[in-house]
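J.: The structure is given below, and queries will be raised subsequently.
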Amino acid sequence: MFTSPTAIKPVELFPGVTRRTMNSGDRTTLVEVTIQKDAVVPVHAHPHEQIGYVVSGRALFEVGDESRVLTAGDSYLIPGGVTHKVTGIETTIAIDIFSPVREEYLD
């Protein structure tokens, strides 16, 4: 299946944080997340394994007991069930892949 980014409307997750579900298959979901400067993805956890990378910008990722500022090209892995939080240091775009499928992200 093919999708075009112009056909996908952004969905606000939190103030200053939007997602676009780019594609989803039987076992994985691909999501683009934009985090504005100073916006926060609050502490949360989900059963899905989440792996991704920063396309542009700079953000503080807090995963479990670890914190790190990530910039363009850096990647991350968040195991299912682990608490995490992200704060935009500057406007940041990240790509996330979730397994299993994030049913609630299927628009």
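J.: Does any residue in the stretch 37-56 that is aromatic (Phe, Trp, Tyr) come within less than 8 Å, Cβ to Cβ, of a residue that is outside any strand (DSSP E or B) and surrounded by 14 or more Cβ atoms within 10 Å (Cβ to Cβ) six or more places away or on a different chain, and which pairs are these?
T.: Tyr53/Asp74
J.: Could you run through the stretch 54-91 and say how many residues are in a strand (DSSP E or B), surrounded by 15 or more Cβ atoms within 10 Å (Cβ to Cβ) and of a type outside the set (Val, Ile, Thr)? Steps first, please.
T.: Applying the first criterion (in a strand (DSSP E or B)) to the stretch 54-91 yields 54-56, 58-63, 66-71, 75-78, 84-88.
The next check asks that each one be surrounded by 15 or more Cβ atoms within 10 Å (Cβ to Cβ); those that pass are 54, 58-63, 70, 76, 78, 84, 86-88.
When the remaining residues are screened for being of a type outside the set (Val, Ile, Thr), the result is 58-62, 70, 76, 84, 88.
Of the residues in that region, 9 qualify.
Matching residues to (1) at pLDDT 95 or above; (2) not polar (S, T, N, Q):
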position	(1), (2)
Pro5	no, yes
Ser24	yes, no
Val33	yes, yes
His44	yes, yes
Pro47	yes, yes
Leu70	yes, yes
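The values are calculated or read from the model by the stated rules, or taken from the named source; none is laboratory data. None of the values given here were measured: they were computed from a predicted structure. Methodologically, a virtual Cβ is constructed for each residue, glycine included, from the backbone with ideal geometry; neighbour enumeration extends over all protein chains shown.
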